[in-house]
1. Working only within segment 98-131, note down all residues that are in contact (Cβ under 8 Å) with a residue 40 or more places away in the chain and open to solvent by 40 Å² or more (accessible area, probe 1.4 Å).
2. Any residue at all in segment 187-201 that is part of a loop (DSSP other than H, G, I, E, B) and in contact with a Ser or Thr (Cβ under 9 Å, 6 or more places away or on another chain)?
3. Return the only residue of Ser198, Ser173 being under 18 Å from Glu93 (Cα atoms), hydroxyl-bearing (Ser, Thr, Tyr) and in contact (Cβ under 8 Å) with a residue 40 or more places away in the chain.
4. Among the listed residues Glu151, Glu131, which satisfies the condition of being more than 21 Å from Gly187 (Cβ to Cβ) and modelled with pLDDT of 90 or more?
5. With the condition kept exactly as written, say whether any residue in segment 36-43 is surrounded by 10 or more Cβ atoms within 10 Å (Cβ to Cβ), among the charged types (D, E, K, R) and not in a loop (DSSP other than H, G, I, E, B).
6. Tell me, please, whether a residue that is within 30 Å of Arg172 (Cα to Cα), modelled with pLDDT of 80 or more and open to solvent by less than 60 Å² (accessible area, probe 1.4 Å) can be found in segment 89-97.
7. Of the conditions (1) farther than 21 Å from Ala104 by Cβ; (2) β-branched (Val, Ile, Thr); (3) modelled with pLDDT of 90 or more, Val175 clears all except one; give me its number.
8. Quick check on segment 59-73. Is at least one of its residues of a type in the set (Gly, Ala, Ser) and at pLDDT 90 or above?
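The values are calculated or read from the model by the stated rules, or taken from the named source; none is laboratory data. These numbers were taken from a predicted model, which means no experiment stands behind them. Here the Cβ is made from the backbone with ideal geometry for all residues, glycine too, and neighbour counts use every protein chain on show. Protein only, heavy atoms only, side chains kept; ligands, DNA and RNA dropped before computing areas. Shrake-Rupley method; radii C 1.70, N 1.55, O 1.52, S 1.80 Å.
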Amino acid sequence: MTDYNKQNPNQQSKAETLFSLLSAKFEWLAKIPTMQLSAKHAAILVGIIVVLLVWKTIAVSKVESDMAKKLENERVLITQQAREYADQQYVKEEERFGQVLSWAVRGELIRNNVDQIDQYLSEIVKMKDTERVVLIGEDGQLLVSTDKRLEETKGVEIYPKEILNLQKITLRSDVEGKKILVVPVMGLNKKIATVVVSYKQPKF
């Protein structure tokens, strides 16, 4: 034994005790892989593992379900907003188109140039999804129609007075469920005619 150990017998004793404790602990850990569990303990352990796996599966499924619902709600909301925006833009474009058409028809009506109006409307009916265009005088008489089968028909027989009495450019559906653009043609002091553009039914 060294001089240091002779002088510090207490420290040596403590070290030996600590070493013994660590040895015992590691010896127990080393035995774990070879320990035999009773059937009861093994069943409990398996049960705990199964419960944990089921709980994890349920938790993950719930999170995925919540995320899917959230994404679907967001998709529906974005689609609805986009549709509403597109509809608003479409209405604005139709109103601009109607305003320009009203000015053009008004100028030709004042000059009593019905043939020129007929040419205007014939070009418009060539536009995509346009079914027919008619010009109806304030007295209800049909002045111009791109559908020549209606030439002997009165304007009030094609569209109800509710449509012909509109005082501003309006986009709506007529009695057949088709979309129409109603364009009042204003003179200096009053309305002098109405242009109605009828669109074909959309194909789904």
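1. Initially, segment 98-131 is screened for residues in contact (Cβ under 8 Å) with a residue 40 or more places away in the chain, giving 98-99, 101-102, 105-106, 109-110, 121, 124, 129-131.
Matches in segment 98-131: Gln99, Arg106, Ile110, Asp129, Glu131.
2. To start, the set of residues in segment 187-201 that are part of a loop (DSSP other than H, G, I, E, B) comprises 187-190, 200-201.
From the residues that got through so far, the ones that are in contact with a Ser or Thr (Cβ under 9 Å, 6 or more places away or on another chain) too are 200.
Yes, the conditions are met somewhere in segment 187-201.
3. Details: Ser173 fails: in contact (Cβ under 8 Å) with a residue 40 or more places away in the chain.
Ser198 is the lone residue from the list that is under 18 Å from Glu93 (Cα atoms), hydroxyl-bearing (Ser, Thr, Tyr) and in contact (Cβ under 8 Å) with a residue 40 or more places away in the chain.
4. Numbers: Glu151 fails: modelled with pLDDT of 90 or more.
Of the residues listed, the single one that is more than 21 Å from Gly187 (Cβ to Cβ) and modelled with pLDDT of 90 or more is Glu131.
5. At the first step, the residues of segment 36-43 found to be surrounded by 10 or more Cβ atoms within 10 Å (Cβ to Cβ) are 37, 41-43.
Still in the list and also among the charged types (D, E, K, R): none.
Scanning segment 36-43, I find no residue that is surrounded by 10 or more Cβ atoms within 10 Å (Cβ to Cβ), among the charged types (D, E, K, R) and not in a loop (DSSP other than H, G, I, E, B), so the answer is no.
6. Of the residues in segment 89-97, the ones within 30 Å of Arg172 (Cα to Cα) are 89-97.
Of the ones still in play, those that are also modelled with pLDDT of 80 or more are 92-97.
With open to solvent by less than 60 Å² (accessible area, probe 1.4 Å) added as a condition, the list becomes 94, 97.
Yes: segment 89-97 contains one or more residues that are within 30 Å of Arg172 (Cα to Cα), modelled with pLDDT of 80 or more and open to solvent by less than 60 Å² (accessible area, probe 1.4 Å).
7. (3)
8. Of the residues in segment 59-73, the ones of a type in the set (Gly, Ala, Ser) are 59, 61, 65, 68.
Among the residues that remain, those that are also at pLDDT 90 or above are: none.
Looking through segment 59-73, none of the residues is of a type in the set (Gly, Ala, Ser) and at pLDDT 90 or above.
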